[in-house]
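For reference, the structure is listed below as structure tokens.
Every number here is computed from the coordinates shown, using simple stated rules; none is lab data. Here the structure is a predicted model, which means the values were calculated and not measured. Please note: Cβ atoms are built from the backbone with ideal geometry, for glycine as well, and neighbour counts cover all protein chains shown.
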Amino acid sequence: MRQNIVAGNWKMNNTLEEGIKLAKEVSAILTANKPNCKVVLGAPFIHLTEVVKAVDSSLVGIAAQNCANKESGAYTGEISASMVKSTGATYVILGHSERRAYYGETNALLKEKTDLALANGLTPIFCIGEVLEEREANKHFEVVKNQIEEALFHLSADAFSKIVLAYEPVWAIGTGKTASPEQAQEIHAYIRKVVADKFGASVADNTSILYGGSCKASNAKELFANPDVDGGLIGGASLNAEDFYGIIAAF
């Protein structure tokens with residue numbers, strides 16, 4: 001059975017001290033209120049070692065927000081998958097729309113990052129999704145299919161089964177807009193079909209597909225009620241422990 005997952009992406013927010021405090025708050029809430037889903041916190045690189053120590057690992061997993069497409073070497077400022085793994089983090093967010101848009105990350109680059117993440121025992125939370133112009137041109141199915149095919153379809157079925165997918169309607173991130181539950185279900189079901197056509201129904205049925213577009217406590221329950229929506233990749237609402245728990249409690 002696939003996992004329900006609520007993953008927070010802190011992005012470039014929180015000092016180290018603030019991050020440790022927030023991680024402890026989330027862990028304390030979940031200790032008192034055992035969640036019905038897997039919970040993951042995506043922290044900045046410099047936080048990872050400390051937030052791993054700050055949480056109960058049976059309740060909270062820790063994710064890096066990115067990793068390099070190189071194993072090691074003269075790549076100033078980069079962080080390798082093996083470095084991420086050495087902190088105790090077990091997940092890594094790859095292909096976030098902000099990485100694609102602001103830093104020019106391509107499907108070919110993300111293919112390399114995915115391979116290195118998997119080789120180092122990390123679980124990629126692999127992001128896909130369309131921008132507003134693509135949605136309005138009715139190209140959203142084509143866009144997400146290409147993103148999956150070009151970055152992930154070289155994998156074996158066994159390797160692919162270790163990946164979590166996160167669908168981001170880019171037009172709904174930080175805009176206050178949200179895909180309707182019907183829109184979310186439609187494209188999540190399509191994504192699962194794309195996976196099934198390549199790797200078979202069993203792999204597709206066991207792949208967690210998260211929704212990542214302005215999900216908050218007020219709409220999480222309705223979104224998560226969809227049969228193909230297995231949780232959320234949460235941005236702004238993950239920066240406050242109570243707000244974040246409001247989404248987790250939707251399960």
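If each of Y103 and N206 carries a label point 7 Å out from its Cα toward its Cβ, how far apart are those two points in nm? With each label point 7 Å from Cα toward Cβ, the separation is 3.1 nm. How much net charge surrounds A179 when only the other residues with a Cβ under 12 Å from the Cβ of A179 are counted, with Lys and Arg +1 and Asp and Glu -1? So the surrounding residues net to -3.
A Cβ-based charge dipole, computed about the Cα centre of the stretch 22-123 with Lys and Arg at +1 and Asp and Glu at -1, lands at about 180 debye. Quick one: grab the alpha carbon gyration tensor of the stretch 154-229, order the square roots of its eigenvalues as a ≥ b ≥ c, and give me rounded if a/c is under 1.5, else prolate or oblate depending on whether a/b is larger than b/c. Prolate, since a/c reaches 1.5 and a/b exceeds b/c.
For the chain, the 222 nm mean residue ellipticity estimated from helices alone, with every DSSP H stretch of n ≥ 4 adding -39500 (n - 2.57) and the total spread over all residues, rounds to -13000 deg cm²/dmol. Only one residue of M83, S161, F126 has its Cα farthest out toward the positive end of the dipole of the stretch 5-248, where Lys and Arg carry +1 and Asp and Glu -1 on Cβ, and that residue is M83. Each principal axis of the Cα cloud of the stretch 1-121 was evaluated for its coordinate range; sorted largest first, these ranges are 44, 37, 26 Å. Annotation note: chymotrypsin sites (Phe, Trp or Tyr not before Pro) in the stretch 58-148 located in DSSP loop regions with a Cβ neighbour count of at most 16 within 10 Å are Y75. Would you kindly work out the equivalent ellipsoid of the chain from its C-alpha gyration tensor and give its semi-axes, the square roots of five times the eigenvalues, largest first in whole Å? Ellipsoid semi-axes (Å, largest first): 25, 22, 17. Karplus-based coupling profile of the stretch 212-219, in residue order and whole Hz: x, x, 6, 7, 9, 4, 6, 10, with θ = phi - 60° in 6.51 cos²θ - 1.76 cosθ + 1.60 and x standing for Gly or Pro.
By the rule of a C-alpha distance below 18 Å, with chain neighbours fewer than 8 residues away ignored, the aspartates and glutamates paired with K24 are E50, D56, E242, D243. Considering only I20, W10, H96, the residue lying farthest towards the positive end of the dipole of the stretch 5-248 is I20, judged by Cα position with unit charges set on Cβ.
For T106, neighbours were defined as the other residues whose beta-carbon sits under 11 Å from its Cβ, and their charges (Lys and Arg +1, Asp and Glu -1) total +1. Other residues with beta-carbon under 12 Å from the beta-carbon of V164 carry, at +1 per Lys or Arg and -1 per Asp or Glu, a net charge of +2.
Between F45 and K198, the modelled labels are 2.8 nm apart [label points 7 Å from Cα along Cα→Cβ]. List the lysines whose alpha-carbon lies under 21 Å from that of K221, not counting same-chain residues fewer than 8 positions away? Leaving aside lysines fewer than 8 places away in the same chain, those within reach of K221 are K34, K38, K177.
Here the gap between N240 and Y75, fully extended at 0.36 nm per residue and compared with their Cα-Cα distance, gives a gain of 56.0 nm. Evaluating 6.51 cos²θ - 1.76 cosθ + 1.60 at θ = phi - 60° for every residue in the stretch 40-55, the Karplus couplings come out as 10, 10, x, 9, x, 3, 5, 8, 3, 4, 6, 6, 4, 6, 7, 10 Hz, glycine and proline recorded as x. In terms of Cα atoms, the Rg and Dmax of the stretch 98-237 work out to 14.3, 39 Å.
Rounded to whole numbers, the Karplus 3J(HN,Hα) couplings from phi for the stretch 59-68 are 10, 9, x, 10, 10, 7, 8, 5, 8, 6 Hz, using 6.51 cos²θ - 1.76 cosθ + 1.60 with θ = phi - 60°, and x at Gly and Pro.
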